[in-house]
Amino acid sequence: MFKRYPYTIGLVAVVSFIGCIAWLLTHEACMHPLGNGLAAWWAFIVVPTLFIAIAEEAGDEA
């Protein structure tokens, strides 16, 4: 799935991770619980899983 553009997908993941962390550090949890939950889910579950998938797929080529 990631063989075509692994660096672009990785760059988008890093930028979105930074955006999520910025959101989490600048918004109060009690005022934005859904937004904070989604940002935390994306930053700490989806992005690491995406990087693992990219690394495993890159390891298959070597």
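The values are calculated or read from the model by the stated rules, or taken from the named source; none is laboratory data. Predicted model, so just to flag it, every value in this text is computed and none were measured. We place every Cβ from the backbone using ideal geometry, glycine too, and count neighbours over all the protein chains shown.
Any residue in the stretch 16-34 that is under 24 Å from L50 (Cβ atoms) and in contact (Cβ under 8 Å) with a residue 12 or more places away in the chain sitting within a Cβ distance under 7 Å of a residue that is polar (S, T, N, Q) and surrounded by 11 or more Cβ atoms within 10 Å (Cβ to Cβ)? List the pairs, counting only those 6 or more apart or interchain.
The qualifying pairs are L24/N36.
Starting from residues that are part of a loop (DSSP other than H, G, I, E, B) and of a type in the set (A, V, I, L, M), keep the ones in the stretch 15-31 and report whichever is nearest to the chain's Cα centre (by Cα). Give the steps one after another, and end with the answer.
The initial filter retains those residues of the stretch 15-31 that are part of a loop (DSSP other than H, G, I, E, B), namely 27-31.
Next, only the ones that are of a type in the set (A, V, I, L, M) stay: 29, 31.
Numbers: A29: 20, M31: 23 Å.
The qualifying residue nearest to the chain's Cα centre (by Cα) is A29.
Among the residues of the stretch 1-17 satisfying the criterion of being among the β-branched types (V, I, T) and surrounded by 13 or more Cβ atoms within 10 Å (Cβ to Cβ), which is modelled with the lowest pLDDT?
Initially, the stretch 1-17 is screened for residues among the β-branched types (V, I, T), giving 8-9, 12, 14-15.
Going one step further and asking which of them are surrounded by 13 or more Cβ atoms within 10 Å (Cβ to Cβ), we end up with 9, 12.
Details: I9: 89, V12: 94.
Out of the qualifying residues, it is I9.
Could we say that I52 is surrounded by fewer than 12 Cβ atoms within 10 Å (Cβ to Cβ), without any contact (Cβ under 8 Å) to a residue 24 or more places away in the chain and of a type in the set (A, V, I, L, M) here?
On the way: surrounded by fewer than 12 Cβ atoms within 10 Å (Cβ to Cβ): yes; without any contact (Cβ under 8 Å) to a residue 24 or more places away in the chain: yes; of a type in the set (A, V, I, L, M): yes.
Yes; evaluated as a whole, the condition is true for this residue.
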